[in-house]
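Participant: If you scroll down you'll find the structure; I have some questions about it.
The values are calculated or read from the model by the stated rules, or taken from the named source; none is laboratory data. Computed from a predicted model, the values in this text were never measured in an experiment. Please note: Cβ atoms are built from the backbone with ideal geometry, for glycine as well, and neighbour counts cover all protein chains shown.
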Amino acid sequence: LAGDVAGIVNDNGAVTWSGDWPFCVGKIKTNDHKTGTVHITFSITDGSGTASGQFKLTSTDKNYTPTITSTLANQTIDEDTFVDVSVGVQDQDCTEPGCDAATKARYICSSLLSYSSTNSILLPGSGAVSFSGTWPNCSARVTPAANKNGSTVVTFAVKDPDPPYNTSSKNFTLSVTA
């Protein structure tokens, strides 16, 4: 393996060969989260002569959808109280050790988590849930409307900070007793 590999392909052990002549197959492993185009030169020898060729390889990064890793258990609380819910989150785009400080700074629990409710009287769409914490250990404080009781399905969604802003979600049932 030779050529302008520019950190996209590790030139030490990045190619594995399989098959038998004349049907040999080379498999190239690119470095995680490295993107760009490289020109790769390869050579083959039969002991008496050598032939070589070149091709262009373009590597694009996969944008993983973040996930909520916590099991969100159903909750029952008394009227006019709140419940704190642990919301573990993960994004393969920002895992140790490959996640630098600049990338981590974009992973803010309060800006990447959102909620919805099937009962907007019990859990209004604004201010009833507040998210806090440091990624990946987020938390949610769920505060139903005053003097209201009943049940609702609460959905938490996590949004990727990178285009195309993929989301995933999990839900639980909140029951508020009088």
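Participant: Please enumerate the residues belonging to segment 64-118 that are surrounded by 15 or more Cβ atoms within 10 Å (Cβ to Cβ), among the aliphatic types (A, V, I, L, M) and at pLDDT below 85.
Facilitator: Ile108
Participant: Of all residues in segment 145-178, how many are assigned to a loop (DSSP other than H, G, I, E, B) and within 11 Å of Glu79 (Cα to Cα)? Before the answer, list the steps.
Facilitator: Kept after step one, since they are assigned to a loop (DSSP other than H, G, I, E, B), are these residues of segment 145-178: 145-149, 160-166, 178.
Those left that are additionally within 11 Å of Glu79 (Cα to Cα): 145-149, 178.
The qualifying residues number 6.
Participant: Quick check on Asn147: is it over 20 Å from Val89 (Cα atoms) and not basic (Lys, Arg)? Let's see the steps before the verdict.
Facilitator: Working: over 20 Å from Val89 (Cα atoms): yes; not basic (Lys, Arg): yes.
Answer is yes for this residue.
Participant: What's the total number of residues in segment 119-144 that are touching a residue at least 24 places away in the same chain (Cβ under 8 Å) and not in a strand (DSSP E or B)?
Facilitator: Counting residues in segment 119-144 that are touching a residue at least 24 places away in the same chain (Cβ under 8 Å) and not in a strand (DSSP E or B) gives 8.
Participant: A further question follows. Has segment 140-149 got at least one residue that is among the polar types (S, T, N, Q) and farther than 18 Å from Thr177 by Cβ? Let's see the steps before the verdict.
Facilitator: So the first thing to find is which residues in segment 140-149 are among the polar types (S, T, N, Q), and the list is 143, 147, 149.
Now narrow it down to the ones that are farther than 18 Å from Thr177 by Cβ: none.
Within segment 140-149, not a single residue is among the polar types (S, T, N, Q) and farther than 18 Å from Thr177 by Cβ.
Participant: Are any of the residues in segment 125-143 closer than 26 Å to Ile77 by Cα and among the charged types (D, E, K, R)?
Facilitator: yes
Participant: What are the residues in segment 44-96 that are among the hydroxyl-bearing types (Ser, Thr, Tyr), more than 30 Å from Val142 (Cα to Cα) and in a loop (DSSP other than H, G, I, E, B), if any?
Facilitator: So in segment 44-96, the residues among the hydroxyl-bearing types (Ser, Thr, Tyr) come out as 45, 48, 50, 52, 58-60, 64-65, 67, 69-71, 76, 81, 86, 95.
Retained after the next criterion (residues that are more than 30 Å from Val142 (Cα to Cα)): 45, 48, 50, 52, 58-60.
Matches in segment 44-96: Ser48, Thr60.
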